[in-house]
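Here the structure is laid out as structure tokens; the discussion comes afterwards.
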Amino acid sequence: MEKPIKKSSWKHKLHEIIYEADTQEGKLFDVILLIAIIASIVLVMLESVVSIDIKYHDLLNLGEWIITVLFSIEYILRIISIKKPFKYIFSFFGIIDLLSTIPKYLSFILVGSHSLVALRALRLLRVFRILKLARYIGASNKLMLALKASRAKIAVFLFFVVIVCVILGTVMYMVEGAENGFTNIPKSIYWAIVTLTTVGFGDIAPQTPLGQLIASVIMILGYSIIAIPTGIVSSEMTKRDHEEGTNTQSCPNCLKEKHKDKATFCYNCGSILNP
């Protein structure tokens, strides 16, 4: 039977800093990580500007290497601080962290592959964890549950919108005709979608009085239907009782998060959260 990690062990302390954001050290680590991610993306963006790259190429390259080494160290620390490393390695964030680290090393073999460092932008997804303050987690979970519960109603609403666009697009094709830009029904349906969603690219516009009247009705209809999906989700949210608070604590065994504030055991694998 696998022995639990002692609370005083360096691995437990390392896990607490890297994977959790409820402690001062954990928050500081996450903030530093976020700054490093943003800095690495800025460096890649600056390197893509020819005038800047010519003047500061060596400096930008040095900065990229420093950040790459830091990310590599972080990746290794994440692996050694948990009981089951493969859980992290093959997880979503584990794959993202690896993809954001290897491009710079590949530049030794493949010319131009260092541009793939822009994949580090995907690491900004960690901002949702970094900014996941305890008082907001319950609300975010409640919103996700409401969206999931209302997916059928939203699907029916979108199907209705598609039908409306097909009908109105066909009507506009008959009213305006090819001489006014409505050369076929698919293009007319495209115009109806653009108009109904109040985007209004302006590449096609009705010229006849009847066509302009129909367009006006579609625009007003577009504003009125905006409130429908909002109302659907809001009604589902009102049905949800207030959930017990959750935190950013990560299970050292399976890496599951969103545990209850007073939880002792992981809801996924049953391991002790604070051994």
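The values are calculated or read from the model by the stated rules, or taken from the named source; none is laboratory data. Small disclaimer: the values here were computed from a predicted structure and weren't measured. All Cβ positions, even for glycine, are placed from backbone atoms using ideal geometry, and neighbour counts span all protein chains on display.
Side notes on the structure shown:
- Being hydrophobic (A, V, I, L, M, F, W, C), at pLDDT 90 or above and assigned by TED's automatic domain parsing to the domain that holds SER100 is a description that applies to ILE73.
- Residue in the stretch 171-181 that is free of Cβ contacts under 8 Å to residues at least 24 places away in the same chain, farther than 23 Å from SER235 by Cβ and not in a helix (DSSP H, G or I) present: yes
- Selection within the stretch 182-201 - within 24 Å of TYR223 (Cβ to Cβ) and assigned to a loop (DSSP other than H, G, I, E, B): PHE182, THR197, THR198, VAL199, GLY200, PHE201
- Exactly one residue out of GLU25, GLU16, GLU2 is at pLDDT below 80 and either exposed (fewer than 13 other Cβ atoms within 10 Å of the Cβ) or not in a loop (DSSP other than H, G, I, E, B) (or both): that is GLU2.
- Hits in the stretch 238-253 - residues which are modelled with pLDDT of 70 or more and within 22 Å of the chain's Cα centre (by Cα): SER250
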